[in-house]
Amino acid sequence: MTETVHTGMRMAVKTSLRFLLAALVFLGVLAVAGCHSYHVDTTVENRTGKPVKLLEVDYPSASFGTGQLDSGAVYPYQMQFRNSGPLKVTYTAYDGHQVSIDGPQVAEKQEGRLQIILLPGGKAEFHPQLTPAP
């Protein structure tokens, strides 16, 4: 009788292990095939010659920023465009003047790199290296 119980337990363990292995393989295939995260590696570089305060970069459906970015400093951030629309950079200059700069249009699912360079006089350069809009 105990031989039959042991045989049944072994079969149950083998079946459970096979099911677990199949589930792990399925999840691995699903993760590789179905999930692609579109992102844009972004840097904001301050070349104004003075620190800027309350830096904010607005992009479709989100924004990011920092309280202060010193002269010569670079602020990295990873964005993900969930909608299409314009970029906008705002900050407070060293003299207290509010600066607002319109950037390029971006589209959902674009990915790549974007360099934003803040320049003296409330100007900025945008250097996008993005995939074409889908």
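Quick notes on this structure:
- Leading residue by the ranking (farthest from K53 (Cα to Cα)) among those in the range 75-134 that are surrounded by 14 or more Cβ atoms within 10 Å (Cβ to Cβ) and of a type in the set (S, T, N, Q): Q110
- Options G85, G67, G103, G96; residue that is on the phi > 0 side of the Ramachandran plot and touching a residue at least 12 places away in the same chain (Cβ under 8 Å): G85
- Check on V13, surrounded by 10 or more Cβ atoms within 10 Å (Cβ to Cβ) and either at pLDDT 65 or above or not charged (D, E, K, R) (or both): yes
The values are calculated or read from the model by the stated rules, or taken from the named source; none is laboratory data. Model, not experiment: these values are computed from the prediction. Note: ideal-geometry Cβ built from the backbone for every residue, glycine included; neighbour counts use all protein chains shown.
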